[in-house]
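Down below is the structure, laid out as structure tokens.
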Amino acid sequence: MIELPGMERVWAALPEARMVGGAVRDMLAGRQVADVDFASPLKPEAVMARAQEAGLKAVPTGVEHGTVTLVAAGRGFEVTTLRRDIETDGRHAVVEFTDDWREDAARRDFTMNAMSCTRDGEVFDYFSGREDLAAGIIRFVGKAAERIAEDYLRILRFFRFFARYGRAGPDADAVAAIAAGREGLRQLSVERVWAEVKKILAAPAPLEAVELMRETGVLEIVLPGAKVERLAALLERAAPGDALLRVAALTDEDFAARLRLSGVEAEMLAGWRGDLALRPEDDDTALRRALADVPREVLVGRVWLWGGDGADWAGLRERLVVMERPVFALQGRDLVALGIPPGVRMGEILAQLRRWWMEGGCVADRAACLEAARIVAAR
């Protein structure tokens, strides 16, 4: 049974509540559980009243949809009133509250996510989710097409769970429904799509899921022109499980704007698309020059993406990782101290001195750079 700090206080306040969703799934799968969500037949105002009586902080984080966050031992636990869907449009649902646990479970996406567990450890499994979890089958609750039409993001969630939990072949009904409903993905916000794609690609072994995305036509919608064989090559090299690195392997197109990446993500993706310009046989001088111009993580990523296989390329990556990055020692204030005023000439002199430093293999220290600056300034 899961025991997180604060859980007992929540259950003491809400003894009729059950742990639901991913926490139950991962507990049964023997995986680490970091967060626990609860469901309760009580309406939100009753949940908040119970919390207040128990001395717990209650935050109405999504009270219009039945969700209250209880804070215990410095940890937040979402408690959601049992619901049933009244109306859906593929993105949003109109719900009403219920006290029927099976009805609430029926609105969830996959059988392995539809289980609930009481305080004493009794698991309620209305749709054979435990069997599917043990077999590694990702199966929609009820009719796959209906679950997808309720929220098209479930298409991408299917591939995310398939990448992480799938051990059997893909469920035929799910695959058929996904292929038929894939155009609904165009209704979703770019941010929601990228959040799911990132989770798919961050899985330890995402290749089978990505290939299935290609087969169903989903990959062409979310990452047009993706080259799965390049992702396969990257995975074969045992590259780090970085989702953005895997996107760079899959695509040639600049997807930064399309996926609305953060500034940091966009900068890294652009850097990885640059010219590798390094080979395993290059000496330390070449590596120092490269490191002086390009951030280490960008260079290492380029080697993972565009380098070859084998020990020589692995050795190049290791050399880049352990080599100290050289930093040009001079700044504008150093030239001001030598009597060179700020302006165009200062910029030209700094550029000239940095070229001299680079040509010398990036080994000249601050004293040597200052001496070179004095010589230039005296001209």
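Bear in mind these aren't lab numbers, they're just calculated from the coordinates by the rules spelled out. These numbers were taken from a predicted model, which means no experiment stands behind them. Here the Cβ is made from the backbone with ideal geometry for all residues, glycine too, and neighbour counts use every protein chain on show.
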Full-extension gain in nm, Arg260 to Arg102, via 0.36 nm per residue minus C-alpha separation | 53.0 nm
Two-site label geometry, Thr285 and Ala377: point separation in nm, points 7 Å out along Cα→Cβ | 2.9 nm
How do 156-164, 183-191, 292-300, 78-86 rank on mean C-beta neighbours within 10 Å, highest first?
-> 156-164, 78-86, 292-300, 183-191
Simple label model, 7 Å out from Cα along Cβ direction - Val94 to Glu324, nm | 6.8 nm
Which FRET efficiency value, to the nearest 0.05, do you get for Ala180 and Ser128 by plugging their Cβ-Cβ distance into 1/(1 + (r/R0)^6) with R0 = 35 Å?
-> 0.90
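What is the sum of charges, Lys and Arg at +1 and Asp and Glu at -1, for the other residues whose Cβ falls under 12 Å from the Cβ of Trp194?
On the way: positive: Arg192, Lys198, Lys199, Arg258, Arg260; negative: Glu191, Glu196, Glu265.
After counting each charged neighbour, the total is +2.
Please give the charge dipole size of segment 133-273, origin at the Cα centre, charges +1 on K and R Cβ atoms and -1 on D and E Cβ atoms. Round to the nearest 20 debye.
Values: 21 positive and 20 negative charges, 60 e Å.
That gives a dipole near 280 debye.
Any chance you could list the semi-axes, whole Å, largest first, of the equivalent ellipsoid that the Cα gyration tensor gives for segment 107-236, using √(5λ)? Could the numbers behind the result be given before it?
Values: eigenvalues 132, 59, 34 Å².
They are 26, 17, 13 Å, listed largest first.
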Specify the inter-centroid distance of segment 129-188 and segment 311-330, based on alpha-carbon positions, in whole Å.
-> 44 Å
Options Met112, Ala34, Val95, ranked by Cα towards positive dipole end of segment 28-123, top entry (Cβ charges) = Ala34
With viscosity set to 1.567 mPa s and temperature to 4 °C, compute the Stokes-Einstein D of segment 225-379, Rh being the Kirkwood radius across alpha carbon pairs; µm²/s, no decimals.
-> 73 µm²/s
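Given N residues in the chain, what is its alpha carbon radius of gyration divided by 2.2 N^0.38 Å? Intermediate values should be presented prior to the final figure.
Working: Rg = 27.8 Å, N = 379, 2.2 N^0.38 = 21.0 Å.
This ratio for the chain stands at 1.32.
Could you calculate the contour length gain from Ala367 to Ala337, that is, 0.36 nm times the residue separation minus the distance between their Cα atoms, to one decimal place in nm? It would help to have the intermediate numbers written out before the result.
Details: separation 30, 0.36 × 30 = 10.80 nm, distance 1.41 nm.
Answer, rounded to one decimal: 9.4 nm.
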Throw me the Rg/Rh for segment 332-377, computed over C-alpha atoms with Kirkwood Rh, two decimals.
-> 0.95
Would you be so kind as to identify which of Gly339, Ala372, Gly360 lies farthest towards the positive end of the dipole of segment 332-377, taking Lys and Arg as +1 and Asp and Glu as -1 on Cβ and the Cα centre as origin?
-> Gly339
Using unit Cβ charges (K, R positive; D, E negative) and no other charged atoms, how large, in debye to the nearest 20, is the dipole of the chain about its Cα centre?
-> 1020 debye
So how much slack lies between His65 and Ala314, counting 0.36 nm per residue of separation and subtracting their Cα-Cα distance, in nm?
-> 84.5 nm
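Give, rounded to the nearest 20 debye, the magnitude of the charge dipole that segment 1-135 has about its Cα centre when Lys and Arg contribute +1 at Cβ and Asp and Glu contribute -1 at Cβ. Mind dumping the intermediate values first?
Numbers: 16 positive and 24 negative charges, 70 e Å.
Computed about the Cα centre, the dipole is about 340 debye.
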For the peptides 146-155, 233-242, 205-214, what is the packing order when you average, over each peptide's residues, the other Cβ atoms within 10 Å and list the highest mean first?
-> 146-155, 205-214, 233-242
Between Ala145 and Asp120, what is the spin-label point distance in nm, taking each point 7 Å from the Cα along the Cα→C-beta axis?
-> 4.4 nm
